[in-house]
Each structure stands twice: as structure tokens, then as C-alpha cells.
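Below is one structure; the comments refer to it alone.
The values are calculated or read from the model by the stated rules, or taken from the named source; none is laboratory data. Treat the numbers as computed from the prediction; the structure is a model and nothing was measured. Note: ideal-geometry Cβ built from the backbone for every residue, glycine included; neighbour counts use all protein chains shown.
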Amino acid sequence: MSHTAEWKLRLFLFEEEQTTKARLELDTGTTRLTGHGTARCAPQDTDIPEIGDELAVARAMEDLAAQMKQTAYGDRQAADEPSLRESLKPHAGWLDIATS
């Protein structure tokens, strides 16, 4: 099974009043999803914008990943594939395999 695809991903960062917000937009050509993440600098912490960016983006990626999993599970059900319980573990047929 050979398959090649190009997905477009756009990342937006916004910062105001020691709060960083990230919006991550994915366009697969057939599906559009948006992940959101927020990071707040605690009053006692040193304000280092890069850390807020990293945390907000990581949280937006987690949000987007959860949405992608739900989309994949819905697509499997629509294709009359056996249902899968949501899990962070790889599933038979779609394993995380390192390539050399």
C-alpha cells in the first residue's frame, strides 16, 4: 500500500498579560481541525515568553492529537471496521515501528 499526502499546518501564538494562547490549524484536504492551548505565567515566576510559547503549543498539539484520534475512530466506524477503545497504546495494524 503506497500513499503520499501533504497536510497543511498553521500555528498562531498570541500573548497578553502573561498568558500565551496557541491555535494550531490542520487542513488535510478533506478535514479541518483546530487545536487550542494556553499557558499562564505564575506571578512568582520569571516571565520567559519562550516557555509560555512551548507550553501553549504543546497543549494545542495534545488537543489536536485527541481530535485526530476521535476522527480516525469515527472514520473506522464509518468504514465498518471493528471499533477500538481510545488508548494511547498502538493498535494492531497501525503500530509505531521505527524505520531504518
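Listed conditions (1) surrounded by 17 or more Cβ atoms within 10 Å (Cβ to Cβ); (2) small (Gly, Ala, Ser); (3) over 20 Å from residue 74 (Cβ atoms) are all met by residue 35, apart from (3). Per the conditions (1) more than 18 Å from the chain's Cα centre (by Cα); (2) modelled with pLDDT of 85 or more; (3) surrounded by 10 or more Cβ atoms within 10 Å (Cβ to Cβ), the sole criterion not satisfied by residue 91 is (2). Residue 47 satisfies every condition listed in (1) over 23 Å from residue 26 (Cα atoms); (2) modelled with pLDDT under 85 except (2).
When restricted to residues that are in a strand (DSSP E or B) and in contact with a Gly (Cβ under 7 Å, 6 or more places away or on another chain), the range 22-60 contains 3. Cβ-Cβ contacts under 6 Å between residues 6 or more apart (or on different chains), taken from a first residue in the range 15-41 that is under 15 Å from residue 71 (Cβ atoms) and without any contact (Cβ under 8 Å) to a residue 60 or more places away in the chain to a second residue that is loosely packed, with under 14 Cβ neighbours inside 10 Å and of a type in the set (Val, Ile, Thr), are absent. How about the range 1-26: which of its residues are charged (D, E, K, R) and surrounded by 13 or more Cβ atoms within 10 Å (Cβ to Cβ)? Those that are charged (D, E, K, R) and surrounded by 13 or more Cβ atoms within 10 Å (Cβ to Cβ): 15, 21, 23, 25.
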